[in-house]
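In what follows, a structure is listed as structure tokens, so that the remarks can point back to it.
The values are calculated or read from the model by the stated rules, or taken from the named source; none is laboratory data. Bear in mind that the values here come from a model prediction, so they are computed numbers and not experimental data. So basically every Cβ, Gly included, is an ideal-geometry build from the backbone, and we count neighbours across all protein chains shown.
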Amino acid sequence: QSPLTSRESEVLTLVGSGASTPEVATTLNISKYTVEDHLKQIYRKLEISSRAEAALAARNLNLL
């Protein structure tokens, strides 16, 4: 069971696949600031601190 919301999971999936913040924003039709807010929440919830760890977390949560 993932502690993430469905939107956070979408963001994490895209980040885990190598998308930049602007690419995630465009894909999800949200602002880059919203993406950054989601990333902060993801990092906090998963106790991680980098995009590399986010990619690994996405794989571990079967999002990739």
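Anything in segment 24-46 that is out of contact with any helix residue (DSSP H, G or I) (no Cβ under 7 Å at 6 or more places or on another chain), farther than 16 Å from Thr5 by Cβ and either part of a helix (DSSP H, G or I) or modelled with pLDDT under 95 (or both)? List them, or say none.
Answer for segment 24-46, where residues must be out of contact with any helix residue (DSSP H, G or I) (no Cβ under 7 Å at 6 or more places or on another chain), farther than 16 Å from Thr5 by Cβ and either part of a helix (DSSP H, G or I) or modelled with pLDDT under 95 (or both): Thr26, Tyr33.
Which of the residues spanning segment 44-55 are surrounded by 13 or more Cβ atoms within 10 Å (Cβ to Cβ) and without any contact (Cβ under 8 Å) to a residue 12 or more places away in the chain? Lay out the reasoning, then the answer.
To start, the set of residues in segment 44-55 that are surrounded by 13 or more Cβ atoms within 10 Å (Cβ to Cβ) comprises 45-46, 48, 51, 53-55.
Once the filter is applied, which keeps residues that are surrounded by 13 or more Cβ atoms within 10 Å (Cβ to Cβ) and without any contact (Cβ under 8 Å) to a residue 12 or more places away in the chain, segment 44-55 yields Ile48, Glu53.
If I go through segment 1-43 residue by residue, how many of them are closer than 12 Å to Ala57 by Cβ, surrounded by fewer than 16 Cβ atoms within 10 Å (Cβ to Cβ) and without any contact (Cβ under 8 Å) to a residue 12 or more places away in the chain?
Total meeting the criteria: 0.
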